[in-house]
1. For G183, are the conditions met, namely being at pLDDT below 95, of a type in the set (G, A, S) and closer than 18 Å to V236 by Cβ?
2. Only one of these is at pLDDT below 95, surrounded by fewer than 10 Cβ atoms within 10 Å (Cβ to Cβ) and under 37 Å from the mean Cα position of the chain (by Cα): V50, V33, V55, V61. Name it.
3. If you scan the range 128-142, which residues turn out to be basic (K, R), surrounded by 11 or more Cβ atoms within 10 Å (Cβ to Cβ) and either closer than 11 Å to T182 by Cβ or free of Cβ contacts under 8 Å to residues at least 24 places away in the same chain (or both)?
4. Does at least one position in the range 213-220 carry a residue that is out of contact with any strand residue (DSSP E or B) (no Cβ under 9 Å at 6 or more places or on another chain) and either buried (at least 17 other Cβ atoms within 10 Å of the Cβ) or assigned to a helix (DSSP H, G or I) (or both)?
5. I'd like to check something: does the range 138-150 contain any residue that is part of a loop (DSSP other than H, G, I, E, B) and either over 18 Å from E234 (Cα atoms) or assigned by the TED database to the domain that holds P228 (or both)?
6. Scanning for something outside any loop (DSSP other than H, G, I, E, B) and under 19 Å from G241 (Cβ atoms), does the range 185-205 turn up at least one residue?
7. Those residues that are out of contact with any helix residue (DSSP H, G or I) (no Cβ under 6 Å at 6 or more places or on another chain), among the aliphatic types (A, V, I, L, M) and over 17 Å from I144 (Cα atoms), I need them from the range 184-237; list them, please.
Amino acid sequence: MLLVFKAGADQIHKAEKREFYYDRERGWYFYEVDPKKEEKAEDKKESEIVHSKPVIDWKAVQTMHPTDFNKLIEDVKDYAIMYPSEANVRDFYKLQSIALDRSRAFMETSMSVVQSDPDLSRESRYPASKVGQDEYFREKRERIDRVLRENADNYALLYFYSPECGYCAKQAPILQSFIDDTGWTVKPVDISTDSNAVARFNIQSTPSLVLIQKGTKDWKLISSGLLPLPDIKERVFRVIGK
């Protein structure tokens, strides 16, 4: 059995040697290009690519479509970065100047259209001037206070605090001002003595405020952390003023 296996192995070995022997004239690359040399040739061609300078028709750029104009600017910028001569950089900034002029013309026309059409103007709702903004925020504060007072019997706040919490000591007088302005009920909850309420409303820190709707199980976390009076009012208003 061992002799048969050895004989078979010798025949395979001889066949391999015979195949290689009869193919010796072929060499490593018989009528073929060395792959390594071919790769090097490709790399060389890639490195020798010459980027042509973008052609600028200065008469046509004034009326060129924005898509084509933007592409031209990008091409000129890229070329100026690759070949930063004064002429190339100057071409880029000349195109930038034309782009700014076209944008300015569009903006001026837009302002004229909006000013002449009240349906398009947003200044009455969101004034841009300081005088207009002052009046806008004054009316907003009055609207918030009115809505809060109207809903004093429908909602209440739970105020979660800790006796050792310094921020809570600052929050308490602010909440008293909230009560005075709106007539709301604000119930203090000491987290050290009411663990059930802490778990139910998922309180993670103090001070925290939870808005509840009377007669329902609905509630919403309003804040986690110290807040000034205007922020408390606005956060509550966002929920009940919808």
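1. Values: at pLDDT below 95: no; of a type in the set (G, A, S): yes; closer than 18 Å to V236 by Cβ: yes.
Answer is no for this residue.
2. Numbers: V50 fails: under 37 Å from the mean Cα position of the chain (by Cα); V33 fails: under 37 Å from the mean Cα position of the chain (by Cα); V61 fails: surrounded by fewer than 10 Cβ atoms within 10 Å (Cβ to Cβ).
Only one candidate qualifies: V55.
3. Scanning the range 128-142 gives a single hit, K140.
4. no
5. Scanning the range 138-150 turns up no residue that is part of a loop (DSSP other than H, G, I, E, B) and either over 18 Å from E234 (Cα atoms) or assigned by the TED database to the domain that holds P228 (or both).
6. Within the range 185-205 (the criterion being outside any loop (DSSP other than H, G, I, E, B) and under 19 Å from G241 (Cβ atoms)), the answer is yes, since at least one residue qualifies.
7. A197, V198, A199, I203, L209, V210, I212, L221
So that you can scan it fast, the table gives a plain yes or no per residue for (1) at pLDDT 90 or above; (2) assigned by the TED database to the domain that holds I212; (3) more than 19 Å from D190 (Cβ to Cβ); (4) not polar (S, T, N, Q):
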position	(1), (2), (3), (4)
R122	no, no, yes, yes
K130	no, no, yes, yes
N154	yes, yes, yes, no
L157	yes, yes, no, yes
E164	yes, yes, no, yes
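The values are calculated or read from the model by the stated rules, or taken from the named source; none is laboratory data. Just so it is clear, the structure is predicted and the values come from calculations on it, not from any experiment. With ideal geometry, Cβ positions are generated from the backbone for all residues, glycine too; neighbour counts draw on all protein chains shown.
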